[in-house]
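See structure below.
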Amino acid sequence: MVKKNSCVFISGAGTNLKALIKSSREYKFPINIKLIISNKRNAMGLLFARRYSIPFKVIKTKNALFEKELINEINKKKISLICLAGYMKILSKNFINSYKGKIINIHPSLLPNYKGTNTFSRVLKAGEKKTGCTVHFVNEKLDSGKTILQKSFQIDKNESIQTLKKKTQKMEYKAFSEAITKLYMLI
Ligand code: GRF
């Protein structure tokens, strides 16, 4: 199977990145990870780039030319899928339009509910019975692109922000890879 080249953007722990790297090592998984981008030099997730010898780049988002630099890197590596895995920066319209239909994101709620940050506390406060995660295409509006795949679970009575986060993230690790497989089945 000829795998497509992908890159993963991170800002933090990179546990979703780790799950994607694991999947990408399976023969039947449709993508290889050729590049990792972080907007934080000390992102814990860069550990996985080092451990699995995947090229990575830390971008300085304060530099006005950073997106130009990003586009160069992505084009050089012939990347056809960009996975945002806990990337906490907003990408510009220009960047998003340069890769229309090729940028996907994972979000820790059942979109369209609870876009943005602090999802777990908001979900608990609202007394929701169910939550989960969503993998979706990225468009110009925050957490609003078309859903590729969603997974959900029931919220227990004694749930805390920590338990909710743990359960959601465990679900994310499967959802992200399943969404990518689904994506390439559709093409
Ligand atoms: C995940 O929960 C993801 O849904 C959100 O950011 C978190 C990233 O976690 N967008 P990690 O860096 O993959 O551990």
Quick one: how many residues across segment 2-18 are farther than 12 Å from residue 43 by Cα and either surrounded by fewer than 21 Cβ atoms within 10 Å (Cβ to Cβ) or more than 11 Å from the ligand (Cβ to nearest atom) (or both)?
7
Report whether or not residue 163 is modelled with pLDDT of 95 or more, away from the ligand (no atom under 11 Å from the Cβ) and under 17 Å from residue 105 (Cβ atoms).
no
Just to be sure, is residue 74 over 10 Å from the mean Cα position of the chain (by Cα), more than 16 Å from the ligand (Cβ to nearest atom) and crowded, with 21+ Cβ neighbours inside 10 Å?
yes
From 159, 140, grab the single residue that is farther than 24 Å from residue 37 by Cα, in a loop (DSSP other than H, G, I, E, B) and of a type in the set (Asp, Glu).
159
Looking only at segment 140-160, and only at residues there that are crowded, with 16+ Cβ neighbours inside 10 Å and within 25 Å of residue 21 (Cβ to Cβ), the one that is nearest to the ligand (Cβ to nearest atom)
143
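Does segment 19-56 hold any residues that are within 16 Å of the ligand (Cβ to nearest atom) and hydroxyl-bearing (Ser, Thr, Tyr), and which are they?
Across segment 19-56, the qualifying residues are 23, 24, 38, 52.
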Count of segment 83-130 residues which are hydroxyl-bearing (Ser, Thr, Tyr) and either at positive phi or within 15 Å of the ligand (Cβ to nearest atom) (or both)
6
Taking the condition under 28 Å from residue 34 (Cα atoms), surrounded by fewer than 16 Cβ atoms within 10 Å (Cβ to Cβ) and among the aliphatic types (A, V, I, L, M), does residue 171 pass?
no
Test: residue in segment 44-56 that is under 30 Å from residue 156 (Cβ atoms) and charged (D, E, K, R):
no
Would you check if residue 74 is at pLDDT 95 or above, more than 21 Å from residue 178 (Cβ to Cβ) and hydrophobic (A, V, I, L, M, F, W, C)?
yes
Exactly one condition in (1) in contact with a helix residue (DSSP H, G or I) (Cβ under 6 Å, 6 or more places away or on another chain); (2) away from the ligand (no atom under 13 Å from the Cβ) is not met by residue 176; state its number.
(2)
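The values are calculated or read from the model by the stated rules, or taken from the named source; none is laboratory data. Since the structure is predicted, the reported quantities are computational estimates derived from the model, not experimental observations. Here Cβ is always computed from backbone atoms with ideal geometry, including for glycine, and neighbour counts include all displayed protein chains.
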